[in-house]
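What follows is a single structure, written as structure tokens, with notes after it.
The values are calculated or read from the model by the stated rules, or taken from the named source; none is laboratory data. Quick caveat, the model's predicted, so the values are computed rather than measured. In this analysis, Cβ positions are derived from the backbone assuming ideal geometry, glycine residues included, and neighbour counts consider all displayed protein chains. The area values use the complete protein model at the heavy-atom level, side chains included, leaving out ligands, DNA and RNA. Shrake-Rupley method; radii C 1.70, N 1.55, O 1.52, S 1.80 Å.
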Amino acid sequence: MPIFLSDFSVGHRNALTRLRATGFALLCVAFATPALAQDGSDQPAPKVSVAAAYSKEITDEAVFIGRGEAIDNVDIVARVSGFLEESAVDDGASVTDGQLLFRIEPDLYQATLDARKADLDKAEANLELARVELTRKEELLKRDATPVSERDIARANELVAEAQVKAAHAAIQQAELDLSYTEIHAPFDGRIGRVNTSEGDVVGPNNPALVTLVRDTPIYVTFSLNEKQLVDVLQELGQTSGSLAESGKSPDVYLQLPNGTPLKEVGQIVFVDNRIDPLTGAISLRAQFDNTEQLIIDGSFLHVRIQALQPTNRVLIPQAALQRDQRGEFVLLVNDKQMVEQRYIQTGDPVDSAIIVLDGLQEGESVIVEGLQRVRPGVAVDAIVATGGE
């Protein structure tokens, strides 16, 4: 059955009219929009910010992991047995050489000393008696009133009495030593750790240490260098491994504390081992620090930095220019034709916001620091110099 336009309602006719108008408008837009160039030649070159590689005198340094090592570190052990009568120090206290730390009950050892002195008196009396007897026997022998054997026995008794006196003197010395050991004094200046016993405990040579005492001012920091690093240091200083610690010309040694802050003090190398560890290929060195602020603790791990004696001229670029892929580190630079070029480089240590370039880049070459995501090697760019660079 044929359908005529007159059969549509007014609403239907209005909808059809709008549809025709829309199609016409789309057609006009299509003809009005120009086509984009396939190669993008009509587009402006992307803008990038560049910074020139620059040179600067840098004092080379090597970083190692070191460990604090007290110059003196001893376990304080009781040398005689007895009840601990007094603990004269608190945990963690600083002590001086000769300061009283502990006192063991001395009564038993005082009584022993008194007994040994009495033994000496007895031995000296026996010696005196033996001498009198020997004198009498010799007089009788002169008058032929006693046999020679009696005189010889008297002489032997005198020698025995002399030996007893010597033994008594030795026993007194031992008793005096034992009595002196009841007072335990600090053998050097330092700081004690936690006291491991309490007053009233029985202590002795076979018991655990009463406390540990360490000397922390000055202090050592021990670290290791591999063979190449050691040879580099020795060649630069013109020293041998044996004379490095003795010459007074060792490089300055700096520390970074565990919280990341640098130590203000500068250390000096005081010991170089005489052999390289075959397992690690490294040799042990020791630097000494005054440690006046006691920030270096025995057993702590620290970053050790050794600086060269003379600065070296190095090429640097901003770290923002550095990129990495599977082949290594590279930069995108802008050549004299304003084209982007990819260049793989070898880098060294960072210096603030820059990084040292060991190979692959020369001073004055411009590397891209901003706009890296908008460019690729081989395209032309509109380069502007970044502000805030060297």
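Quick check on the range 279-286. Is at least one of its residues open to solvent by 50 Å² or more (accessible area, probe 1.4 Å), farther than 28 Å from Ala383 by Cα and at pLDDT below 90? Looking through the range 279-286, at least one residue is open to solvent by 50 Å² or more (accessible area, probe 1.4 Å), farther than 28 Å from Ala383 by Cα and at pLDDT below 90. Inspection of the range 380-387 finds no residue satisfying the criterion of being among the acidic types (Asp, Glu), open to solvent by 40 Å² or more (accessible area, probe 1.4 Å), farther than 30 Å from Pro44 by Cβ and in contact (Cβ under 8 Å) with a residue 12 or more places away in the chain. Confirm whether Ala320 is open to solvent by 30 Å² or more (accessible area, probe 1.4 Å), part of a strand (DSSP E or B) and among the hydrophobic types (A, V, I, L, M, F, W, C). Answer is no for this residue. For the range 158-184, taking the residues that are in contact with a strand residue (DSSP E or B) (Cβ under 6 Å, 6 or more places away or on another chain) and of a type in the set (Val, Ile, Thr), the one that is surrounded by the most Cβ atoms within 10 Å (Cβ to Cβ) is identified as Ile184. Determine, yes or no, whether Leu101 is farther than 17 Å from Ile172 by Cα, aliphatic (A, V, I, L, M), within 60 Å of the chain's Cα centre (by Cα) and modelled with pLDDT of 95 or more. Yes. Residues that are in a loop (DSSP other than H, G, I, E, B) and among the hydrophobic types (A, V, I, L, M, F, W, C) were ranked within the range 39-54; the one that is modelled with the lowest pLDDT is Ala45. Across the range 55-66, the number of residues qualifying as surrounded by fewer than 16 Cβ atoms within 10 Å (Cβ to Cβ) and part of a strand (DSSP E or B) comes to 6. Of the residues making up the range 238-251, at least one is more than 14 Å from Gln268 (Cα to Cα) and crowded, with 16+ Cβ neighbours inside 10 Å. Considering only residues of the range 359-377 that are of a type outside the set (D, E, K, R), modelled with pLDDT under 90 and open to solvent by 30 Å² or more (accessible area, probe 1.4 Å), which is nearest to the chain's Cα centre (by Cα)? Looking at the filtered set, the residue picked out is Leu372. Contact map, the range 117-135: residues that are more than 16 Å from Ala156 (Cα to Cα) and touching a residue at least 24 places away in the same chain (Cβ under 8 Å) paired with residues that are assigned to a helix (DSSP H, G or I) and open to solvent by 70 Å² or more (accessible area, probe 1.4 Å), Cβ distance under 7 Å, separation 6+ or inter-chain. Pairs shown: Leu120/His169. Restricting attention to the range 185-221, the residues that are open to solvent by 30 Å² or more (accessible area, probe 1.4 Å) and not in a loop (DSSP other than H, G, I, E, B) add up to 8.
Does the range 258-266 contain at least one residue that is in a strand (DSSP E or B) and open to solvent by 40 Å² or more (accessible area, probe 1.4 Å)? Scanning the range 258-266 turns up at least one residue that is in a strand (DSSP E or B) and open to solvent by 40 Å² or more (accessible area, probe 1.4 Å).
The residue of the range 67-99 that is most open to solvent (accessible area, probe 1.4 Å), among those that are in contact with a Phe, Trp or Tyr (Cβ under 7 Å, 6 or more places away or on another chain) and not in a loop (DSSP other than H, G, I, E, B), is Arg67. Out of the residues in the range 352-390 that are assigned to a loop (DSSP other than H, G, I, E, B) and among the β-branched types (Val, Ile, Thr), which is nearest to Pro318 (Cα to Cα)? Out of the qualifying residues, it is Thr387. For the range 269-277, indicate whether the set of residues that are farther than 30 Å from Ser250 by Cβ and part of a loop (DSSP other than H, G, I, E, B) is non-empty. No, the conditions are met nowhere in the range 269-277. I'd like to check something: does the range 295-310 contain any residue that is outside any loop (DSSP other than H, G, I, E, B), touching a strand residue (DSSP E or B) at 6+ places or on another chain (Cβ under 7 Å) and open to solvent by 60 Å² or more (accessible area, probe 1.4 Å)? So far as the range 295-310 goes, yes, one or more of its residues are outside any loop (DSSP other than H, G, I, E, B), touching a strand residue (DSSP E or B) at 6+ places or on another chain (Cβ under 7 Å) and open to solvent by 60 Å² or more (accessible area, probe 1.4 Å).
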